[in-house]
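Below is one structure, written out as structure tokens; the observations come after it.
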Amino acid sequence: MNQIKILAKPVAATNRMLLLLIMAFAMMLATTQNIRAQNMPNSFADLSEEVSPAVVNITTSTILNRGPEGLNVPPGSPFDDLFREFTDRNRGDNPPPERRGTALGSGFIISADGYVVTNNHVIKDADEIEIELRSGEKLPATVIGTDPRTDLALLKVEAESPLPFVSFGNSDEMRVGDWVLAIGNPLGQGFSVSAGIVSARGRTLSGSYDDFIQTDAAINRGNSGGPLFNMKGEVVGVNTAILSPSGGSIGIGFSMASNVVSGVIQQLEQYGETRRGWLGVRIQAVTPDIAEAIGLEEAAGALVTDVPSGPAADAGIEAGDVIISFDGQPVADNRELVRLVALAPVGGTVRVVVFRDGGTQTLLVTLGRLEEAMLASTGGGSATPQQAPQLEIQGLLLGQMTDAYRERFMISAETEGVVILEVAEGSQAAKKGLRPGDVIVEVSQNPVHVPKDVVDRFEAARDAGRRSILLLVRSGGSGRFVALALAE
């Protein structure tokens, strides 16, 4: 009996301790769940009430071209005069009634004095623009400036009293999974709110300056130009497009990131147009095989393929350089460089760090203006075919540049190098996109002039133990780098 009592006491104590541990674990689990629950809002009502007065509906009106007797005849077509003559004869030269088309969109006010942001495609070609406030008040709007490249527009309205407005937030702080709120005028139904999360970052659609936030917050036609808010009530995106086979929301919407929008809008407000920086280089992505070929530790930066006359050429940037830093900012890839240059001040001098010949160099570049550079445009001959020396290397039949080859492949007089005459089907070169008529300008970042130069560079790289080799190739006037694995 005593033995039983002695054994029972430790068992009871053990049970009590186990119970305490279970209770402590349950409390910890509940606390963790409460912390997680705090990140999920119980309601978006307060946020919606706070920011919605600054969100507006936009209605545009456009005169539609109309052919005689209601027939849609393309202006300037042979039938245009025919139908106009017939109509004038039968209607006494009375012009047809004017037809107008309307479109709906969204926007948001960013200042008390009435500046409004929307998409360019919402107001494009509009003769009349009207915004409707949350209160129902309607005001005519004028266009301050537009930027088709980012599909943004800045409008201005005049009101008798200061208007409610919202501010831009830092889109770079948004993480995949963060809550967002979209407000706009979907399908012409008026003010509407939808909530979701950030589904992805850094999406591109078609533009060089794209930086879209992907969200599953419902966005439909009519939401274009409306704001995407973070939970602080800051605008982190402008709702621009959706991906949908039906035209309705399937949970894949795109909002232009606010860090792009704010820079464009600032320029439109100040100048009525964009003034983007211009570096003056042609670039391509740094792939892992290219990085290995040039001795770069990681596939990052922007690889310079061509340096026409301009700021970069004046500063000493060369084809084959990899730009790894611009104005103190690391360059992750070629898209990042495009955005950084565009946001840099025209006429400003910036530090550009390039990787060249196994090391880094810092160059000072005074930027030009992209819009002016795009206005500038830049303006051979035949001869008797010559028997030029030809060599073959890794599926490439190479020939020395001649006038006959220039005529045959339509190669400009300014392009110098070694001509690719044939590319073996199924070869690595063919898979990398090399074609007859392409011109090899450099091999391992050294100029080549005759086929033997190319072969010698291949053999030197192979003797040095390299696994791949880098070619600078020109095709149709543009250059690109191609990395080929060296055959054993």
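Selection over segment 131-176 of residues that are outside any strand (DSSP E or B), among the basic types (Lys, Arg) and either under 14 Å from Ser262 (Cβ atoms) or modelled with pLDDT of 95 or more (or both) gives a count of 1.
Reported count of residues in segment 261-280, each being within 25 Å of Asn239 (Cβ to Cβ) and outside any helix (DSSP H, G or I), is 4.
On inspection, Leu104 passes the criterion of being modelled with pLDDT under 95, touching a strand residue (DSSP E or B) at 6+ places or on another chain (Cβ under 7 Å) and farther than 16 Å from Val235 by Cα.
Picking from residues in segment 192-243 that are more than 16 Å from Val260 (Cα to Cα) and among the charged types (D, E, K, R), the one that is surrounded by the most Cβ atoms within 10 Å (Cβ to Cβ) is Asp216.
Going through Gly233, Gly225, Gly196, Gly188 one at a time, which residue ends up being out of contact with any strand residue (DSSP E or B) (no Cβ under 6 Å at 6 or more places or on another chain) and not aromatic (Phe, Trp, Tyr)? Of Gly233, Gly225, Gly196, Gly188, the one residue that is out of contact with any strand residue (DSSP E or B) (no Cβ under 6 Å at 6 or more places or on another chain) and not aromatic (Phe, Trp, Tyr) is Gly233.
Residue check: is Thr384 surrounded by fewer than 13 Cβ atoms within 10 Å (Cβ to Cβ) and either modelled with pLDDT under 85 or not in a strand (DSSP E or B) (or both)? Yes, satisfied.
The values are calculated or read from the model by the stated rules, or taken from the named source; none is laboratory data. Everything numeric here is computed off the predicted structure, so don't read it as measured data. Glycine also receives a Cβ, built like all others from the backbone with ideal geometry; neighbour counts cover every protein chain displayed.
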